[in-house]
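Read the figures in this text as sums done on the coordinates, not as results from a lab. Everything numeric in this text was worked out from a predicted model, so none of it was measured. Quick reminder, even Gly has a Cβ in these numbers, built from the backbone with ideal geometry, and neighbours come from all protein chains shown.
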2 protein chains.
Amino acid sequence: MIIVTKIIRLSKIKEILRSIDPLKLIEEGFVAYSQGKVVVPPVGEMIFEEPPGDCHIKYGYIKQGDYYVVKIAQGFYENPQKGLPSINGLNILFSQKTGEVLCVLLDEGHLTNVRTAAAGAVVAKYMSPQKVNRIGILGYGIQGKMQLEYLKTIITCRDAIVWGRKETGLVKYQQDMIDSGFNIETTLDQEDITSTCNLIVTCTPSKVPLIKAEQVRKGTHITAIGSDTPEKQELDPEILRIANHVIVDSIPQAAFRGECFHAMKNGKITKDDMVELGTMISSKTLQRQTDDEITVADLTGVAVQDIQISKAVYEGIL
Amino acid sequence: MIIVTKIIRLSKIKEILRSIDPLKLIEEGFVAYSQGKVVVPPVGEMIFEEPPGDCHIKYGYIKQGDYYVVKIAQGFYENPQKGLPSINGLNILFSQKTGEVLCVLLDEGHLTNVRTAAAGAVVAKYMSPQKVNRIGILGYGIQGKMQLEYLKTIITCRDAIVWGRKETGLVKYQQDMIDSGFNIETTLDQEDITSTCNLIVTCTPSKVPLIKAEQVRKGTHITAIGSDTPEKQELDPEILRIANHVIVDSIPQAAFRGECFHAMKNGKITKDDMVELGTMISSKTLQRQTDDEITVADLTGVAVQDIQISKAVYEGIL
């Protein structure tokens with residue numbers, strides 16, 4: 001029987017997501033990935049100049065699975081001036097048995113946001129200090145909000161402080177998060193984050209380091225979300241050298257993108273210093289050992305996340 | 001204003017195609033490509049083993065254009081046993097100004113067939129002998145039919161002969177093409193093609209050469225359509241060495257896929273022996289000069305074709 005491709009738009013996707021546990025999906029996905037059960041070819045990329053924008057194509061499949069997925073995500077950073085969101089995208093789910101186009105998920109980038117926030121929470125589950133005093137967020141964009149929201153099921157601490165470049169953005173963040181259940185302060189000075197938080201998540205499109213190595217106190221965990229290209233960078237590469245554990249979602253990708261790319265280029269770490277998230281989940285000795293350790297996770301986003309979240313949404317409508 | 005993504009399914013696409021001239025679009029696209037006006041990153045690829053299948057992602061944009069396109073095409077070669085077509089796919093058209101997903105063309109691979117057949121016709125327009133005695137087609141699949149159909153507007157000859165491995169396939173080809181306006185013979189022996197045709201189009205998924213160099217007579221033009229991977233091959237590499245002109249749709253792609261890849265690997269030709277289709281269209285001296293020349297075109301398919309055909313269909317519904 002020939003399958004008629006299903007089209008699922010954002011409102012329906014959000015409805016289906018309510019009955020899905022993305023953390024479990026993402027955790028299982030990364031374990032499978034690090035066990036070599038997932039095929040993830042190199043990321044496809046287009047860079048636009050006028051206006052500035054980028055498009056990334058992530059695709060892959062779990063071996064012997066039912067599906068393969070192609071995810072297209074784009075960022076056009078002048079869009080807000082036109083009243084449009086910066087981030088957009090879609091996921092396409094295919095049958096691994098017949099190549100049929102099972103489903104087009106017109107998620108407008110939302111599923112990428114969800115799977116990214118879920119990966120941050122999975123990292124925190126294994127790497128954050130036992131007692132989190134305060135959560136520090138760098139960046140007041142959508143990911144800055146979602147990372148905090150997704151930490152709620154993992155971390156009991158309800159104190160947070162958010163850093164951003166503009167006061168207006170910080171005010172809006174506080175307003176948007178008024179019902180989040182967190183007590184949220186804001187700051188224009190990164191030092192307020194590093195001096196008071198032992199769980200920090202960076203979610204900016206910065207191209208220069210925002211946190212210096214000398215600012216990082218013992219016992220701090222940092223998850224770096226923002227950098228997913230060779231150009232973007234949020235952390236002083238020295239931080240990765242002094243860290244007791246450096247977790248990455250994908251070692252092959254980390255060699256070319258994100259914080260580890262910069263740290264390797266600067267001779268601060270080598271591939272041998274990195275442990276993959278999926279490997280760490282499966283091995284207690286690779287997780288945080290004491291509350292004194294400095295730990296860093298560098299996430300650039302892997303297609304296995306897109307596979308996991310797309311198939312769950314698709315199966316949610318069947 | 002936020003754009004609602006348009007979904008266009010195959011029946012509507014076929015309707016819109018009736019008012020489109022794909023040859024003109026493809027010709028203009030290749031000229032722009034060879035002038036360096038088109039950005040075409042390397043093809044994305046996934047290969048499946050159980051059941052055997054492949055998925056190719058072609059994407060790109062014309063600089064300073066309105067759109068970018070991602071085309072996903074897949075082949076699952078055991079599908080016919082399940083009553084499904086081997087070939088499937090879709091095209092997605094985005095705004096180059098905002099990244100918005102303008103349109104999902106659920107063409108089931110048809111637009112790839114159309115743009116491929118159109119490229120074959122464009123090649124014939126410039127490279128076929130002035131007087132075509134008979135058209136030879138290798139392969140009785142969908143492309144074997146469409147190449148012949150699209151040649152109709154370019155070539156006045158209405159005699160054709162089709163080669164394939166199985167009598168049943170040949171009988172079906174003749175039946176399907178009964179209203180094509182061509183007088184079609186069939187054969188199980190390639191020699192019947194090379195000895196009677198001076199315009200030959202190869203459209204098979206073969207992995208071994210089907211035509212030997214010594215079979216190719218003076219004055220013959222061959223367009224090789226079938227090979228679009230490093231594994232597939234339809235022509236004896238020696239044919240490319242003895243050819244007076246070797247045309248390719250994309251020199252960077254021809255170095256890694258198709259007939260030229262094999263000919264280069266075997267030391268028969270170098271990159272300097274190839275001329276791009278878009279360059280040849282713009283220069284009379286690079287086209288066929290006499291009716292004695294042997295000429296070969298090796299087409300592996302370039303994203304600029306997908307851009308051109310997708311934007312025309314999208315604009316056709318506006």
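Charge dipole of region A:119-302 (Cα centre as origin; +1 on each Lys and Arg Cβ, -1 on each Asp and Glu Cβ, all else neutral): 160 debye, rounded to the nearest 20.
Placing pseudo-labels 7 Å out from each Cα toward the beta carbon at B:Gln289 and A:Thr270 gives an inter-label distance of 5.8 nm.
Only four residue types carry charge here, +1 at the Cβ of Lys and Arg and -1 at the Cβ of Asp and Glu. Report the dipole size of chain B about the Cα centre in Debye, rounded to the nearest 20.
On the way: 35 positive and 39 negative charges, 133 e Å.
Dipole of chain B, to the nearest 20 debye: 640 debye.
Counted over region B:72-190 with a bin width of 10 Å, the fraction of Cα pairs per bin, in whole percents, is 12, 35, 32, 15, 6, 0. Considering the protein assembly as shown, its Cα convex hull presents a mean projected area of 28.7 nm². Just going by the charge dipole of region B:116-302, with Lys and Arg at +1 and Asp and Glu at -1 on Cβ, which of B:Tyr173, B:Ala224, B:Leu299 is farthest out on the positive end? The residue sitting most towards the positive pole is B:Leu299.
For region B:116-302, what is the relative contact order in percent, using Cα pairs closer than 8 Å and at least 6 residues apart in sequence? Don't skip to the end; give the middle numbers.
Numbers: 423 pairs, mean separation 41.7, N = 187.
Contact order relative to length: 22 percent.
The separation of region A:150-183 from region A:277-302, counted between C-alpha centres, amounts to 24 Å.
Averaged over B:79-91, how many beta carbons belonging to a partner chain fall within 10 Å of each residue's beta carbon? Each step should come with its number before you reach the end.
Details: counts 4, 0, 0, 4, 2, 8, 4, 2, 1, 8, 3, 6, 0.
Across the residues of B:79-91, the mean count of other-chain Cβ atoms within 10 Å is 3.
The slack between A:Lys131 and A:Ile242, meaning 0.36 nm per residue of separation minus the straight C-alpha distance, is 37.8 nm. Principal axis extents of the C-alpha atoms in region B:116-302 (largest first, rounded to whole Å): 43, 33, 30. Reported to the nearest whole Å, the Cα centre-to-centre distance from region B:17-38 to region A:248-274 is 42.
Take A:Ser283, move 7 Å from Cα toward the beta carbon, and the resulting point lies 5.7 nm from the same point in each other copy, nearest first.
Suppose R0 equals 51 Å. What FRET efficiency, 1/(1 + (r/R0)^6) with r the Cβ-Cβ distance, do A:Thr196 and A:Glu315 give to the nearest 0.05?
Numbers: r = 42 Å, r/R0 = 0.83.
Computed FRET efficiency for A:Thr196 and A:Glu315 comes out at 0.75.
How much length is gained on full extension from B:Arg217 to B:Ser19, taking 0.36 nm per residue of separation minus their Cα-Cα distance? Walk me through the intermediate numbers first.
Working: separation 198, 0.36 × 198 = 71.28 nm, distance 3.88 nm.
Roughly 67.4 nm would be gained on extension.
Note: chain A, Cα convex hull, 131 Å³ per residue. Can you work out the PRE-style zone for A:Lys37? Point 7 Å along Cα to Cβ, and I want the residues of region A:286-305 with backbone N under 15 Å. Those under the cut-off are A:304-305. Ascending distances from the A:Pro230 label point to its copies in the other chains, with the point 7 Å along the Cα-to-beta-carbon line: 2.2 nm.
Averaging sequence separations of C-alpha pairs under 8 Å and six or more residues apart, then dividing by the length of chain B, give the relative contact order as a whole percent. Don't skip to the end; give the middle numbers.
On the way: 712 pairs, mean separation 62.6, N = 318.
Normalised by residue count, the contact order of chain B is 20 percent.
Partners of B:Lys152 within straight-line reach, counting lysines whose Cα lies under 17 Å from its Cα and excluding those fewer than 8 residues away in the same chain: B:Lys24, B:Lys125, B:Lys131.
At a threshold of 8 angstrom on Cα-Cα distance, excluding pairs fewer than six apart, so keeping six or more, what relative contact order does region B:104-202 reach in percent? Don't jump to the answer; show the numbers that get you there.
Numbers: 148 pairs, mean separation 34.7, N = 99.
Result for region B:104-202 is 35 percent.
Give the residues of region B:143-165 whose amide nitrogen is closer than 20 Å to a point set 7 Å from the Cα of B:Asn183 in the direction of its Cβ. Answer for region B:143-165: B:148-163. Considering only A:Arg257, A:Arg18, A:Arg158, the Gaussian network model of chain A with Cα springs below 10 Å gives its largest mean-square fluctuation to A:Arg18. Using the structure shown, list the pairs from A:Lys58/A:Lys218; A:Lys63/B:Lys212; B:Lys6/B:Lys58; A:Lys58/B:Lys63; A:Lys311/B:Lys58; B:Lys207/B:Lys311 with a Cα-Cα distance above 30 Å, or answer none. Long pairs (Cα-Cα over 30 Å): A:Lys58/A:Lys218; A:Lys63/B:Lys212; B:Lys207/B:Lys311. As an exercise, use a Förster radius of 25 Å and the Cβ-Cβ distance of B:Lys207 and B:Asp159 to find the FRET efficiency, rounded to the nearest 0.05. That gives a FRET efficiency of 0.25. Taking A:Thr202, A:Thr223, A:Thr279 in turn, the Gaussian network model of chain A (Cα-Cα springs below 10 Å) assigns the largest fluctuation to A:Thr279.
Taken along the Cα-to-beta-carbon direction at a fixed 7 Å, the label points for A:Ile7 and B:Gln175 span 3.5 nm.
Mean-square fluctuations from a GNM of chain A, with a 10 angstrom spring cutoff on Cα atoms, peak among A:Glu27, A:Glu191, A:Glu15 at A:Glu15.
The local environment of B:Ile281, defined by Cβ-Cβ distances under 13 Å, has a net charge of 0 under the rule Lys, Arg +1 and Asp, Glu -1.
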